[in-house]
Amino acid sequence: MYNIFIWLIIGAIAGFLAGNLQRGSGFGLIGNIVIGLIGSFIGGYVFSSLFGIVDTNFIGSILVSTAGAFILLFVASLFSGNRNSN
């Protein structure tokens with residue numbers, strides 16, 4: 001049960017950070033958690049494939065999850081056609 005709580009916390013933080021980096025605002029608590037959790041899988045895959053990084057600490061997990069969430073949001077923005085020129 002503790003691990004699920006940690007995953008939710010990391011997902012919320014990563015989704016919030018990626019949302020602020022990508023479009024300037026978050027997606028609400030649930031949206032941040034979902035984006036962060038999906039991003040953690042993407043980031044984990046990318047970092048393990050490209051850099052061989054498999055296990056990280058809490059801060060590393062947030063960074064990897066944020067990178068994955070940012071990738072997710074970037075790809076989603078390419079398909080949605082909603083590109084900001086800011």
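The values are calculated or read from the model by the stated rules, or taken from the named source; none is laboratory data. In this text the structure is predicted, and so the values were computed from the model without any measurement. A quick note on method: Cβ atoms are made from the backbone with ideal geometry, for glycine too, and the neighbour counts reach across all protein chains shown.
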The number of residues in segment 44-62 that are under 16 Å from residue 11 (Cβ atoms), part of a loop (DSSP other than H, G, I, E, B) and at pLDDT 85 or above is 0
*asked:* When you check residue 58 against the structure, is it within 8 Å of the chain's Cα centre (by Cα) and not small (Gly, Ala, Ser), yes or no?
replied: no
Residue 51 vs (1) touching a helix residue (DSSP H, G or I) at 6+ places or on another chain (Cβ under 6 Å); (2) within 15 Å of residue 67 (Cα to Cα): all pass except (1)
Note: among 37, 8, just one is farther than 20 Å from residue 78 by Cβ, surrounded by fewer than 18 Cβ atoms within 10 Å (Cβ to Cβ) and in contact with a Gly (Cβ under 9 Å, 6 or more places away or on another chain), namely 8
Checked segment 17-34 for anything in a helix (DSSP H, G or I), modelled with pLDDT under 85 and surrounded by 12 or more Cβ atoms within 10 Å (Cβ to Cβ); matches are 19, 20, 21, 22, 28, 29, 31, 32, 33
